[in-house]
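Below you'll find the structure, written out as structure tokens, and then a few comments.
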Amino acid sequence: MSIDQVPQPATASRRWAAFGPWFAFIWLFFLLTPLHVGWQARDTPEGVIGIAATLCFAVAYMVIWVRARGMLRIVEQPPVSFVAPYLAVLGLLAAVMIATLGEGGIAGLVYVAVACVMTLPTPVVYVAIVCIAGGVATTGLVPGWDSQIGTAFAVCAASAAMLGMRSVLRRNVALIGAQHENTRLALADERNRFARDLHDILGHSLTVITVKAELAQRLVDVAPDRAKQELADLERLSRDALADVRHAVEGYRELTLPGELARARAALEAAGIEPVLPQSTDEVPSGLRELFAWTIREGVTNVIRHSGAHRCEIVLAPTSVTVHDDGHGAGETTDGSGLTGLRERAGAMGAVLTTRTGSGFELVMSADLATTAEKEVTS
């Protein structure tokens, strides 16, 4: 990705667009000296030309700040097509100021030095600063002119300050590029994760649906009642799969039972714990899937954080889910905020959450289908 393609944060861009050039405009204050000299000689051609050259110089100098605001490449990789004519114009105007205003026009060379720092490659900058500062210092030898050592020092000081500023701008450019790259990688990772989740959610369901459809087709003539049961299961599985996909697309991937099982497997394996998980979620009714998904999430989180277990087993049944580990179980009987929230969810669904310790820790969520259906209807 090129530096021109690096996006600037909206807030930072607006602030820079509003105030950036004005900060640079403040430093044009020092051009009041040549303007004053020109105004005193306004009745002469030299005075008029000097005033016009100074005003044009101020406008030309501000161009670098406006361009730097809109094109970060001018800070990181200065384009020759812009730098060469820009510095040529500034140098010419500064020469006109010195020729018409005398030593009062030397102030323009400070701005020329700053422009060189902002536009030239780093190795060339130091040569340019030395040449400009040396040239300013030697102008004190001109008959009738005062010593310009102070102006030469101003050239060096302003150039040093701008070198630091340019270094900060370069770091900001690199930071913006890194943020953009991190965003791109995060989006790519999110796409991959979403694709994996859809595979985990749909892979098994669609396989079972296909098998049941083939079975129902074979039974429709020889065992109509069994075929009807298979068709009813087929309809339920299709609705459950559709609900899981809808949750995933709407951004509620974490609340789907197949998705939580897939994530539990990955989390346990990453923690070095052997997962023993069910191969199917088909027996769990749609009304209990979200509650069971929350139960698996909280149970696996506790296993990873507190149990010190080597093995974790999750058992699904139509009305219950059990998370059991072979860890020490110490300290897990006290409800934390996770278990407290899970008990509140269970109560809202008419379910019961129980915890047991012994040979490890066991978390059990039990629900009554009739009570759960009643809760769903009233809600």
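Accessible area of W27, 1.4 Å probe, to the nearest 10 Å²?
W27 exposes around 150 Å² with every protein chain in place.
Have a look at A195, M97, I149 and report the one farthest towards the positive end of the charge dipole of the range 87-205, computed about the Cα centre with Cβ charges (Lys/Arg +1, Asp/Glu -1).
Farthest towards the positive end: A195.
Could you sort R236, R184 by accessible area so the largest value comes first, with the probe set to 1.4 Å? It would help to have the intermediate numbers written out before the result.
On the way: R236 80, R184 115 Å².
My answer, sorted largest first, is R184, R236.
State, to one decimal in nm, how far the label point of T183 lies from the label point of F29, with both points 7 Å from Cα in the Cβ direction.
3.7 nm
On a 1.4 Å probe surface of the protein chains, which of R343, R191 comes out largest in accessible area, and what is the full order? Mind dumping the intermediate values first?
Values: R343 85, R191 150 Å².
Largest accessible area first, the list is R191, R343.
Can you list the HN-Hα couplings for the range 340-348, worked out from phi with the Karplus curve (6.51, -1.76, 1.60; θ = phi - 60°), rounded to whole Hz and with x for Gly and Pro?
4, x, 5, 5, 5, 4, 4, x, 5
Students often get this wrong: which residues of the range 100-128 have the backbone nitrogen under 12 Å from the point 7 angstrom along Cα-to-C-beta of H36?
In the range 100-128, the label zone of H36 (backbone N under 12 Å from the point 7 Å along Cα→Cβ) covers 104.
In Å³ and rounded to a whole number, note down the convex hull volume per residue for the Cα atoms of the range 221-312.
On the way: hull volume 10.0 nm³, N = 92.
So the per-residue Cα hull volume is 109 Å³.
Tell me, in nm to one decimal, what length is gained between S280 and D225 on full extension, where the rule is 0.36 nm per residue of separation less the Cα-Cα distance? Could the numbers behind the result be given before it?
On the way: separation 55, 0.36 × 55 = 19.80 nm, distance 2.43 nm.
Working it through step by step, the gained length comes to 17.4 nm.
Can you give the accessible area of R166 in Å² (nearest 10), computed on protein heavy atoms with a 1.4 Å probe?
Here the accessible area works out near 10 Å².
Assuming 0.36 nm per residue, please report the length gained on full extension of the stretch V352 to A84 beyond their Cα-Cα distance. Show your work: numbers first, answer last.
Details: separation 268, 0.36 × 268 = 96.48 nm, distance 7.80 nm.
So the extension gain works out to 88.7 nm.
Using a 1.4 angstrom probe and counting only protein chains, how large is the accessible area of S147 in Å², to 10?
Roughly 90 Å² of S147 is accessible to a 1.4 Å probe.
Name all residues of the range 130-161 having a backbone nitrogen under 16 Å from the label point set 7 Å from the Cα of T44 along its Cα→Cβ direction, giving them as ranges.
Correct set: 143-146.
How do S286, S280, S359, S307 rank by accessible surface area computed with a 1.4 Å probe, from largest to smallest?
Most to least solvent-accessible, the answer reads S359, S286, S280, S307.
The values are calculated or read from the model by the stated rules, or taken from the named source; none is laboratory data. Given the structure is predicted, the values throughout are model-derived calculations rather than measurements. So basically every Cβ, Gly included, is an ideal-geometry build from the backbone, and we count neighbours across all protein chains shown. What goes into the accessible areas is simple: the full protein's heavy atoms, side chains included, and nothing from ligands, DNA or RNA. Shrake-Rupley method; radii C 1.70, N 1.55, O 1.52, S 1.80 Å.
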